[in-house]
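Any read-out appearing in this document is the output of simple, stated calculations on the displayed coordinates, not a laboratory observation. What you see is a predicted model, and the numbers here were worked out from it, not measured in a lab. For neighbour counting, all protein chains shown are included, and Cβ atoms are generated from backbone atoms with ideal geometry for every residue, glycine included.
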Amino acid sequence: MTTLEARLPDSAHAGPYLAPKDLRALNRAAKKAGLKLVHIDLSGVHDKQHLLDAVAAAFQFPEWFGGNWDAIEDCLTDMSWNKASGYVALFEHAAGLAKHAPHELATAVEIFESVAEYWDEQDKPFWTLFAGIDTPVAGIKPLLV
């Protein structure tokens with residue numbers, strides 16, 4: 001068992017992190033841990049609305065999704081339409097968002113931290129991993145594996 005495979009099922013440490021360099025290993029580890037891996041492609045996403053749209057599409061939010069920060073947190077702490085033993089949200093190509101909309105990214109990171117805390121209380125991990133960010137972003141920790 002790799003360190004990543006051992007770490008992903010741990011809901012107490014889940015939250016926003018930099019993605020590991022080896023995304024194939026991440027895919028294998030998530031599958032082995034029984035977690036639903038959701039890919040969110042942020043190519044060309046430089047603002048709040050496109051970020052919300054990308055998350056909603058990737059997680060297949062229901063029609064009642066309100067398209068705002070509160071609604072994204074509501075949907076991510078419900079997931080009744082997308083049940084799993086835990087989640088890994090992989091934000092790919094996140095550098096553009098970090099560069100062009102750092103405030104929106106910071107708000108999203110706070111929400112994902114709150115979502116991870118909610119799911120930890122349910123004993124389910126909710127990891128949010130950001131790939132492609134080269135500069136430090138507040139709230140996004142390095143994933144030590």
At Thr107 and Thr135, where each label point lies 7 Å from the Cα along Cα→Cβ, what is the point-to-point distance in nanometres?
2.0
Once both label points are put 7 Å beyond Cα along the C-beta direction, the Glu63-Ser114 separation in nm becomes 2.7
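Can you pull the semi-axes for region 98-145, root of five times each eigenvalue of the Cα gyration tensor, sorted largest first, whole Å?
21, 13, 7
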Cα Rg, Dmax (largest Cα-Cα span) when computed across region 1-82, Å
14.3, 41
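Please compute the length gained on full extension between Glu121 and Ala6, using 0.36 nm multiplied by the number of residues separating them and subtracting their Cα-Cα distance. Present the calculation step by step, with values, prior to reporting the outcome.
Numbers: separation 115, 0.36 × 115 = 41.40 nm, distance 1.94 nm.
Extra length available between Glu121 and Ala6 comes to 39.5 nm.
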Would you pull out the residues with amide H under 5 Å of Thr128's amide H, same chain only if 5 or more places away, H placed 1.01 Å from N?
Gly15, Tyr17, Ala89
Report, as a whole number in µm² per second, the diffusion coefficient that Stokes-Einstein gives for region 24-70 at 37 °C and 0.692 mPa s using the Kirkwood radius over alpha carbon pairs.
268
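So what's the convex hull volume per residue for the Cα atoms of region 58-101, in Å³?
Values: hull volume 4.1 nm³, N = 44.
In region 58-101, the Cα hull volume divided by residue count equals 94 Å³.
Percent relative contact order of region 1-93, based on C-alpha pairs within less than 8 angstrom and at least six residues apart?
On the way: 84 pairs, mean separation 33.0, N = 93.
Here the relative contact order equals 35 percent.
Explain nothing, just the number: relative contact order of region 34-145, from Cα pairs under 8 Å at least 6 residues apart, as a whole percent.
Working: 149 pairs, mean separation 36.7, N = 112.
That works out to 33 percent.
Over the alpha-carbon set of region 61-145, divide Rg by the Kirkwood Rh and report the Rg/Rh ratio to two decimals.
Details: Rg = 13.3 Å, Rh = 13.8 Å.
Looking at region 61-145, the ratio lands at 0.96.
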Convex hull volume of the Cα atoms in the chain, per residue, in Å³?
94
Taking amide H positions as placed 1.01 Å from N in the peptide plane, with prolines and chain starts having none, which residues 5 or more places from Lys36, or on another chain, fall under 5 Å of its amide H?
Ser85, Gly86, Tyr87, Val88
